Structures are given as structure tokens and as C-alpha cells.
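Q: Here's a structure for you.
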Amino acid sequence: MAMEARAPTIPVESHKRMETHDFKRAGLRVVGTGDDDGTSSSRNYDVAVVGLGYVGLPLCLAFAKKGVSVLGVDTDPEKPKALQAGQSYIRHIDDQAISAVVSNRRFTATDDFARLSEAEAILICVPTPLTANRVPDLSYVESTVKSIAPHLRHGQLIVLESTTYPGTTDEVVRPLLEEGSGLCAGTDFYLAYSPEREDPGNPKSNFENVPKVVGGYSATCLERAKVLYGRIVAEVVPVSSCRIAEATKLMENIFRSVNIALVNELKVIYSRMGIDVWEVIRAAATKPFGYMPFYPGPGLGGHCIPIDPFYLTWKALEYGHHTRLIELAGEINTAMPEYVVSRVIDALNDAGKPVKGSRILVLGIAYKADVDDDRESPSYAIMQSLEQRGAEVFYNDPHVPKIKEGRSNHAIAGRDSVDLPYEADVVVLCTGHREYLEIDFSRMEVPLVDCRNVVHMRPQAYYAA
């Protein structure tokens with residue numbers, strides 16, 4: 001293959017009573033004697049963030065850039081070590097952003113959970129995956145909360161940001177914190193839920209211009225959380241409970257999942273009719289009311305849409321309800337990698353070649369353009385399905401130089417990205433990275449299967465998928 005690149009509610013009552021506190025907005029410091037445990041001199045940080053991944057690390061930076069002192073905590077000792085050296089392990093966050101907040105002492109990273117007692121607020125940003133049977137896996141949340149509890153002290157605010165089912169903060173997090181600390185939520189410490197709204201790779205999106213939904217265990221808890229997040233966002237959206245905030249996040253992602261499933265189904269139907277679904281979407285998007293565009297793709301990826309809807313599906317069973325539309329949308333989206341494989345087979349058949357023994361190049365492993373996040377990427381399902389049919393599959397991704405071990409890619413973990421150009425019998429573009437938009441595919445002599453409608457300089461053998 002030859003490719004030419006142009007450029008490669010009501011406060012909760014308790015058996016314990018605390019004195020009234022006055023809160024200083026500037027530093028979130030608690031003044032008064034009701035929660036004075038004699039350790040105020042050791043309170044060095046306004047905020048601590050537990051879980052320094054794709055959600056937690058940007059959150060640390062958002063606070064630090066606003067002059068808030070931040071402690072980042074992660075169980076993986078390599079992450080704090082890298083951050084303290086001013087090195088980023090997330091591609092769309094550059095080293096300079098890390099080194100700037102470390103050097104001015106606004107941010108410190110550690111794997112020592114005992115240091116959480118030094119912070120006024122603790123934000124939990126850990127994974128909430130599904131088990132193999134699509135049951136919510138709260139093990140990361142539970143283990144994190146159990147690690148926090150022994151170091152919890154009077155007056156601290158604890159906020160869960162991880163996506164989960166309604167009731168998790170009240171029914172799982174609160175009891176574990178109370179049991180492990182001997183303190184009472186709503187009086188001795190404060191508890192809230194605020195779902196993350198991270199949009200990696202989108203330069204127009206940042207914490208300041210994205211409203212922050214917050215729900216508190218009590219009215220006082222809510223006020224504390226509002227003050228905290230008011231320091232980094234222009235608008236805080238208070239809701240009446242943690243359950244409402246938890247349900248809000250699920251609604252946002254279920255909305256996306258269902259609408260993406262709709263356009264994915266229409267993509268298949270319109271393809272058989274000889275209709276370009278992308279042109280249909282562009283035309284429909286000109287309607288100024290009652291419509292918003294969603295776009296088809298090779299399947300769902302990332303930590304949110306492929307997983308979050310099933311948290312509600314599982315919880316709904318407790319109330320005797322089956323979420324039929326959510327489950328159907330999941331089935332449609334999960335089937336998309338096999339649709340891509342069918343288009344690859346079509347392309348090879350038209351070229352007079354069998355799948356078995358063919359060399360197939362996949363462009364893009366990350367689930368989204370211009371990021372290095374490959375969690376739940378549909379590319380893995382496509383690669384593994386093609387290999388099960390006897391093909392030799394290779395990949396290129398400038399953002400993912402090596403496939404790391406993950407829940408959905410055990411069979412192909414450890415492989416390295418190949419350099420371009422690369423000889424293959426068919427090319428499958430799965431992720432619309434900026435680097436691929438610069439490539440002139442028109443001189444390519446082998447079929448191209450485009451899953452993202454991003455190729456404009458197309459070869460003669462072009463297949464939309």
C-alpha cells in the first residue's frame with residue numbers, strides 16, 4: 001500500500017451535634033471549635049483528588065490553576081512519581097501543564113492515603129466498570145472509600161465523582177465512611193455527589209465553561225460542595241439529593257447511547273438503499289428545532305457510554321423494571337464492530353481475496369480522535385474478529401504506541417503500532433485522528449474502509465462503514 005502524507009433537601013439529623021461553622025470562601029477553611037481535632041496545623045491542602053486518571057488528573061489541574069492547593073493520590077506509585085517529575089502520562093495533557101503546578105507548589109502527588117487527612121475536601125475519581133456479566137463493579141469505589149475512612153476527620157467534605165447508579169453515595173459510600181471513621185455524615189463530615197463531565201480532546205471544553213451538577217447528603221453538605229466547585233466553574237447546578245445527581249449523569253450518557261444506536265441502525269439500512277447517511281445527517285442538522293445531530297461509528301468506546309447505561313439497567317431490576325430501550329440500544333451499538341468486519345469482507349471479496357491470510361491495517365486504536373484513551377475501544381473487537389477469521393491484523397495509532405492490558409483487549413495486549421506507510425491488503429480507518437486527515441489516500445491501490453467519514457482524498461476502492 002502506498003500512502004502519501006502531506007505532513008506525516010433537609011439537613012440530616014444525627015445523635016452527634018456540632019457547633020455552627022462559618023466558612024471562608026477563599027480557602028474552604030473551617031473555623032470554629034466544633035470540628036477542631038487538634039490537627040489544623042497539618043491541613044496543607046484545600047482539595048485532594050483520589051484517582052489520577054482521565055478524570056482525576058484534569059480535575060487536579062483545574063483547581064491548581066485557580067490557585068487552590070491540591071493533593072493528588074493514586075494507588076499506582078508510578079503515577080505520582082511521574083507527576084512529581086513534571087511528566088504527563090495522558091497524551092492530551094502536556095508536561096508543561098504538570099510541571100507548572102508542581103513547581104509553584106499548587107499540586108503534589110502521592111500514593112500515601114494517610115496524607116488525605118491534610119485536605120479539606122476529598123474527591124473520588126476512580127473507575128466504575130462492569131463485570132463480564134454486565135453487573136456494576138464498585139470494587140474500586142469501595143476499596144478507595146475504605147482506604148479514606150481511617151484518615152477521615154471532622155469537617156472534611158467527601159465527594160464522589162465516579163459514574164454510578166442512583167443510591168451509591170447514600171447506600172454504599174456513606175456507610176463505609178461512617179463505619180471506618182466512627183463519624184457521622186451530615187454533621188461530623190460532609191458528603192456529596194458531583195458527576196464528572198470531562199470531554200477529552202475537545203479544545204473548546206474546559207472546567208470553567210461546563211456547568212457542574214452537585215447533590216448533597218444534606219443541605220449543609222450541598223452548600224459545602226457548591227462553594228468548592230464554585231472556585232473552578234462559572235455555574236454550579238445544585239440538585240436536591242445525591243440520587244438526583246447520580247441519575248443526571250446516567251441520563252446524559254443514556255441519551256447519547258440511544259441516539260447513537262439510532263444513527264448506527266440507520267447507517268446499515270441506508271447503506272443497503274444506496275443512501276449516504278452522513279449526507280442525510282448534514283441535511284437534517286439544518287433544522288433549527290426538534291433535532292440535534294449524532295454520528296454513527298464502528299461501535300462505542302471510552303468509559304462512559306458503553307458502560308454507564310447498564311448501571312441503570314441493573315438497578316432498575318431492583319424495582320421490577322426492564323429497561324428495554326436502553327438494552328436494545330446496547331445491542332445495536334455492540335453489533336457495530338461486526339458490521340465493520342462485514343464491510344472489510346466485502347472489500348476483500350471485491351478485490352478477489354479471502355479474509356484468511358490477508359494483511360489488514362487498522363488505523364486508530366483510541367476510541368476517540370486525538371486522545372490516547374483506548375478503553376472499551378471498538379477497534380479491539382474488530383481486530384480480534386478479523387484474526388479469528390484467519391487474517392493478519394496490524395495497527396497504527398500515533399497516540400497509542402503500544403496496546404496496554406485492558407478489560408477488552410487481552411488477546412492483543414503488548415503489540416506495537418507499526419509505522420506508515422505499511423503494506424496491507426485492506427486498510428480500516430477506525431479513529432479520525434488529525435494525523436490521518438492529512439493523508440492523501442487517493443493513490444492507495446488497496447481498498448479503504450472508512451468508519452468515520454473523515455477521508456476526503458479517497459481511493460478508487462472506498463467503502464463506508
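The values are calculated or read from the model by the stated rules, or taken from the named source; none is laboratory data. Just so you know, these numbers come straight off a predicted model, no measurement behind them. When we count neighbours, we look across all protein chains shown, and the Cβ atoms used for this are built from the backbone with ideal geometry, even at glycine.
Q: Go through the range 169-226 and count every residue that is crowded, with 17+ Cβ neighbours inside 10 Å, closer than 16 Å to Ile148 by Cβ and charged (D, E, K, R).
A: 3
Q: Give the range 86-113 a look and list any residue that's assigned to a loop (DSSP other than H, G, I, E, B), touching a strand residue (DSSP E or B) at 6+ places or on another chain (Cβ under 8 Å) and more than 13 Å from Leu61 (Cβ to Cβ), or say none.
A: Scanning the range 86-113 gives Asp111, Asp112.
Q: Shifting gears a bit: Tell me whether the range 318-334 contains one or more residues that are of a type in the set (D, E, K, R) and surrounded by 18 or more Cβ atoms within 10 Å (Cβ to Cβ).
A: Among the residues of the range 318-334, not one is of a type in the set (D, E, K, R) and surrounded by 18 or more Cβ atoms within 10 Å (Cβ to Cβ), which makes the answer no.
Q: Continuing with the same structure: Considering only the range 65-97, state which residues are among the aliphatic types (A, V, I, L, M) and closer than 17 Å to Val159 by Cβ.
A: Residues satisfying the conditions are Val68, Val70, Leu71, Val73.
Q: Given the residues Tyr380, Tyr422, Tyr395, Tyr463, which is the only one that is assigned to a loop (DSSP other than H, G, I, E, B), assigned by TED's automatic domain parsing to the domain that holds Ile281 and either aromatic (Phe, Trp, Tyr) or in contact with a Leu (Cβ under 6 Å, 6 or more places away or on another chain) (or both)?
A: Unique residue meeting the criteria: Tyr422.
Q: Now a separate question. Could you grab me the full set of residues in the range 54-69 that are over 14 Å from Ala109 (Cα atoms), more than 12 Å from the chain's Cα centre (by Cα), in a loop (DSSP other than H, G, I, E, B) and not charged (D, E, K, R)?
A: Listed by number, the residues that qualify are Gly67, Val68.
Q: Follow-up question, since we're still on this one. Would you be able to tell me the number of residues in the range 145-166 that are within 18 Å of the chain's Cα centre (by Cα) and not in a loop (DSSP other than H, G, I, E, B)?
A: 2
Q: Just the residues that are surrounded by fewer than 22 Cβ atoms within 10 Å (Cβ to Cβ) and outside any loop (DSSP other than H, G, I, E, B), please, taken from the range 383-392.
A: Gln384, Ser385, Glu387, Gln388, Glu392
Q: In the range 197-211, is there at least one residue being of a type in the set (Gly, Ala, Ser), at pLDDT 95 or above and more than 12 Å from Ile158 (Cα to Cα)?
A: No - not one qualifying residue is present in the range 197-211.
Yes or no, residue by residue, for (1) of a type in the set (A, V, I, L, M, F, W, C); (2) at pLDDT below 95:
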residue: Gly301; (1), (2): no, yes
residue: Ile305; (1), (2): yes, yes
residue: Lys315; (1), (2): no, yes
residue: Val341; (1), (2): yes, no
residue: Ala347; (1), (2): yes, no
residue: Ala351; (1), (2): yes, no
residue: Arg359; (1), (2): no, no
residue: Gly364; (1), (2): no, no
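Q: OK, next. Under 7 Å by Cβ, and 6 or more places apart or on different chains, what pairs join a residue from the range 385-414 that is closer than 17 Å to Gly364 by Cβ with one that is part of a helix (DSSP H, G or I) and among the hydroxyl-bearing types (Ser, Thr, Tyr)?
A: Once the first residue is closer than 17 Å to Gly364 by Cβ and sits in the range 385-414, its partners that are part of a helix (DSSP H, G or I) and among the hydroxyl-bearing types (Ser, Thr, Tyr) give Ser408/Tyr380; Asn409/Tyr380; Ile412/Tyr380.
Q: Given the residues Ile232, Ile275, which is the only one that is more than 20 Å from Tyr367 (Cα to Cα), touching an Asp or Glu at 6+ places or on another chain (Cβ under 7 Å) and not small (Gly, Ala, Ser)?
A: Checking each option against the conditions leaves just Ile232.
Q: A follow-up question, please. Go through (1) of a type in the set (A, V, I, L, M); (2) surrounded by fewer than 19 Cβ atoms within 10 Å (Cβ to Cβ); (3) modelled with pLDDT of 50 or more; (4) over 30 Å from His433 (Cα atoms) and name the single condition Ile10 misses.
A: Condition not satisfied by Ile10: (3).
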